[in-house]
Structures are given as C-alpha cells and as structure tokens.
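Take a look at the structure set out below.
The values are calculated or read from the model by the stated rules, or taken from the named source; none is laboratory data. Quick caveat: nothing in here was measured; it's all calculated off a predicted structure. Counting neighbours? That spans all protein chains shown, and the Cβs are built from the backbone with ideal geometry, glycine included. Surface areas here come from the heavy atoms of the whole protein model, side chains and all, with no ligands, DNA or RNA. Shrake-Rupley method; radii C 1.70, N 1.55, O 1.52, S 1.80 Å.
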Amino acid sequence: DGFESIFRALVEDAAAQDTFIAELHRILDAHPWAAGVDIDLERGPNDLKEGIYALYQRIYSAIKGRAAQRHVHLDLPPMEGPGQTVGPEKWCEYERLRPLADTVAVMTYGFAWAGSSPGPVSPVAWVRRVMDYAARAFDAENQLFMGVPQYGFRWQIYDYPANLDEGSRGEGKGGGLNPFLDWMLGVYSHTDGRGGRPATNTQPYI
C-alpha cells in the first residue's frame, strides 16, 4: 500500500521476510488456479538498495522453486533511467530486475499526484521516456506491459486543504472500466455531487 515502513521491514527483518515468503506459498497452495504471484511493493527504502534486490531475488527463487504456479510478475515504478524518477523510488533500476521476473508492468502514472502541484497524471512525452527505457531494459516483446491510468484529479488550489475538510489539494476519483467509461460518456462531471455535496451541474456534459 505504499508504506515504506512495511517495505523496510521486509528488507531488514529476517522474520518478517520469512513470513512473507511463507505466505506466498500458503496462498498459492490454497488457490491452485493461480498461475503465480504479482508483486507490487511500493516506496522502497532507498538506503537499502542492495537489500531490495536481494528480496526480489529471494521471491523469484522461491516461486521458481515450486513444481507449479511458478510465474513471477512485478509491478514497477515509472523510471526514465536507472534511479531517475519523479517519484520516491530512487533505488529502482530496470536492468537489475530483468532476470528476476517473467513479466513486468510499468506504472506509467503519478507524474502529478494528490499532494503535488497541479499537473497531468501521465503526460505523453514523459510516458514515452519511461517506456523507451523499459523497452531497452526488458524483453519488450515477451516481458513488458504498460500500466495505463484510469483516474484523474480535481485540483483545488483556492484554499488550504484543512479548511475544506480534505487531506490534500487534489481530490481524486478512481475506478474500474465501467466508472471510467461513464466518465468519458458524460454520465459524470467534475461538479455533480462531488464529495457528497449536492449536485450543482456547473459543468456541461460531453
């Protein structure tokens, strides 16, 4: 869930890491229809870089050591080069993760986020730089997927968040395919019933 303290514990605490690996096996054993694991660890402790790669190596070795359900998929932060990102994940180098995954998805979103200055979630030029690097570092034909955002932010910069009873300047609305499609078809607007408030219809529909 993006808590560095949890990621740090998996790297530093041998007992926590043992439990994590044991849980992967337990969950796979309980669900024989699962092909393998999808590892989405976020906000890695940058001061423990080598430990992070050792953790990914252990995950890969543990799953590949199984008789079945051996697929390892990684979800990775958006990087423009080794250690180059707008986010917190300075430890990440795609080249080092290539041999530790069957497939990867690069999360090409988060250029602007709820606590940042207003801006685009996935500006096209930035997405191209991220995927250019990913396509060089991974096997682009057989290993690489691009994560596509299906959310946006309603930026509120006219007052402090605390005065609006909100925790950040951006108020985001996310969802799966149906809410995303409804937004594009004009079922929703930015102002109708926003945040539990009465609908004002101040924004015309598409």
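For segment 123-143, give me each residue that is of a type outside the set (F, W, Y) and either in contact with a helix residue (DSSP H, G or I) (Cβ under 9 Å, 6 or more places away or on another chain) or open to solvent by 70 Å² or more (accessible area, probe 1.4 Å) (or both).
Scanning segment 123-143 gives V124, R128, R129, D132, A134, R136, A137, D139, A140, E141, N142, Q143.
Go through (1) in a strand (DSSP E or B); (2) of a type outside the set (F, W, Y); (3) at pLDDT 95 or above; (4) open to solvent by 30 Å² or more (accessible area, probe 1.4 Å) and name the single condition A105 misses.
For A105, the failing item is (4).
Can you tell me which residue within segment 87-102, out of those that are in contact (Cβ under 8 Å) with a residue 40 or more places away in the chain, open to solvent by 20 Å² or more (accessible area, probe 1.4 Å) and not in a loop (DSSP other than H, G, I, E, B), is nearest to A35 (Cα to Cα)?
Looking at residues that are in contact (Cβ under 8 Å) with a residue 40 or more places away in the chain, open to solvent by 20 Å² or more (accessible area, probe 1.4 Å) and not in a loop (DSSP other than H, G, I, E, B), I get R98.
Could you please let me know if R70 is in contact with a helix residue (DSSP H, G or I) (Cβ under 9 Å, 6 or more places away or on another chain), open to solvent by 60 Å² or more (accessible area, probe 1.4 Å) and either farther than 19 Å from R136 by Cβ or among the basic types (K, R) (or both)?
Taking the combined requirement at face value, the residue satisfies it.
Does E80 qualify as being surrounded by fewer than 17 Cβ atoms within 10 Å (Cβ to Cβ), of a type outside the set (A, V, I, L, M, F, W, C) and under 19 Å from Q17 (Cβ atoms)?
no
Considering only residues of segment 37-67 that are more than 22 Å from E4 (Cα to Cα) and aliphatic (A, V, I, L, M), which is surrounded by the fewest Cβ atoms within 10 Å (Cβ to Cβ)?
A67
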